[in-house]
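Down below is the structure, laid out as structure tokens.
The values are calculated or read from the model by the stated rules, or taken from the named source; none is laboratory data. Keep in mind it's a predicted model, so treat the numbers as computed, not measured. Glycine gets a Cβ as well: all are built from the backbone with ideal geometry, and neighbour counts include every protein chain shown. Note: accessible area is taken over every heavy atom of the protein model, side chains too, but ligands, DNA and RNA are not part of it. Shrake-Rupley method; radii C 1.70, N 1.55, O 1.52, S 1.80 Å.
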Amino acid sequence: MWLRLLGYPGIYRADKRLCGPASHRHRLALLTLLATHAHLTRPRDTLIGWLWPEADLPHARHLLNCAVHAIRAALGDEALASEGGELRLACSRLTADLWAFQSALAANALDQAVRLHAAPFLHGFSLPGAPEFDHWVELRRREVTDQYLNALERLAASADGCEDRVMAIARWRELTEASPYNSRFAIGLIEALCRSGDRGGAITAADEHERLLRRDLEAEPDDAFRTIAAGLRDGAPA
């Protein structure tokens, strides 16, 4: 079985999503907290405070015990190890797309890492009444997204260096789609289009980026971007 964390979370057997008690929202949140802390334990009281902050302690402990029981019923008794007042996810019983993504990054397998990042961390998932958990998700999502963008930018720069024009344009375009307000990525796409001889496409990309910033953020591009865009429109050498 495997746990999807890049995208809306879920437990899967092969390509089939598991339904039932273990897939309830709070139980997926519990699995997420343990899966991002792999091989280490998390105190039960900390988990309770993050997942059921409004419940009184006896009720919250009961809810955690029910969640642990449901997860063990779905994944096996050894899936969650209880060590005193702490819980740990047994990685031998489960794998996760986030672990594969991080392993690919560690091995510098950037193409593989980019393919594995199918969607942002816990995309579309939240836990009503648990602001600390939701805040943690936002921070973690930003961290994972930054790792993905860094890998993609390195691939784009590598394609530029190898003069693989088609791949360079594709990578820079992926970056602008993933982070549309980033002017550095927009410049990368414009320069890649210019190097391929597509000056018209470069001007269109510059126009679209400026329009997006003004419409969504009521902001102007930075000086570096404006200099490049002005040179394109004035007919300066690409």
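Ranked by solvent-accessible area (1.4 Å probe, protein heavy atoms only, all chains present), the residues LEU89, LEU63 order from largest to smallest as LEU63, LEU89.
3J(HN,Hα) along the range 123-133: 4, x, 9, 8, 10, x, x, 10, x, 5, 5 Hz, from the Karplus curve 6.51 cos²θ - 1.76 cosθ + 1.60 with θ = phi - 60°, whole Hz, x for Gly and Pro.
What does the C-alpha gyration tensor say about the overall shape of the range 128-238? Classify as rounded when a/c is under 1.5, otherwise prolate if a/b is larger than b/c, or oblate. Oblate, since a/c reaches 1.5 and b/c is not below a/b.
Inter-label distance, GLU132 to ASP77: 3.2 nm, where each label sits 7 Å from its Cα along the C-beta direction.
At a Förster distance of 41 Å, what's the computed FRET efficiency of HIS59 paired with THR145, Cβ-Cβ distance as r, to 0.05? So, using R0 = 41 Å, E works out to roughly 0.70.
Here is the size of the chain from its Cα atoms: Rg then Dmax, 22.5, 72 Å.
Extension gain for GLU177-ARG226 works out to 15.6 nm (0.36 nm per residue, less the C-alpha to C-alpha distance). Charge dipole of the range 1-96 (Cα centre as origin; +1 on each Lys and Arg Cβ, -1 on each Asp and Glu Cβ, all else neutral): 360 debye, rounded to the nearest 20. Taking each residue as 0.36 nm, the span from ALA107 to THR204 lengthens on full extension beyond its C-alpha to C-alpha distance by 31.2 nm.
Can you give the local net charge around PRO9? Use residues other than it whose beta-carbon is closer than 11 angstrom to its beta-carbon, Lys and Arg +1, Asp and Glu -1. Residues close to PRO9 contribute a combined charge of +3. Taking other residues whose beta carbon is less than 10 angstrom from the beta carbon of THR41, and scoring Lys, Arg as +1 and Asp, Glu as -1, yields +1.
Counting 0.36 nm for each residue step from HIS123 to MET167 and taking away their Cα separation leaves a gain of 13.1 nm. For the pair the range 46-60 and the range 140-156, the centres of their Cα atoms are 34 angstrom apart. In plain terms, if you count all Cα to Cα distances in the range 7-124 and split them into 10 Å steps from zero, the share in each step is 13, 43, 33, 11, 1 percent. Between the amide H of LEU87 and those of ARG42, ARG44, distances stay under 5 Å, these residues lying 5 or more places away or on another chain, with hydrogens modeled in the peptide plane.
Computed from label points 7 Å out along Cα-Cβ, the spacing between ASP234 and ARG115 is 4.5 nm.
Computed from backbone phi, the HN-Hα couplings of the range 82-99 come to 9, 10, x, x, 10, 10, 9, 8, 7, 5, 5, 9, 7, 10, 9, 5, 5, 5 Hz, rounded to whole numbers (Karplus: 6.51 cos²θ - 1.76 cosθ + 1.60, θ = phi - 60°; Gly and Pro given as x). Rolling a 1.4 Å probe over the protein chains gives ARG25 an accessible area of about 100 Å².
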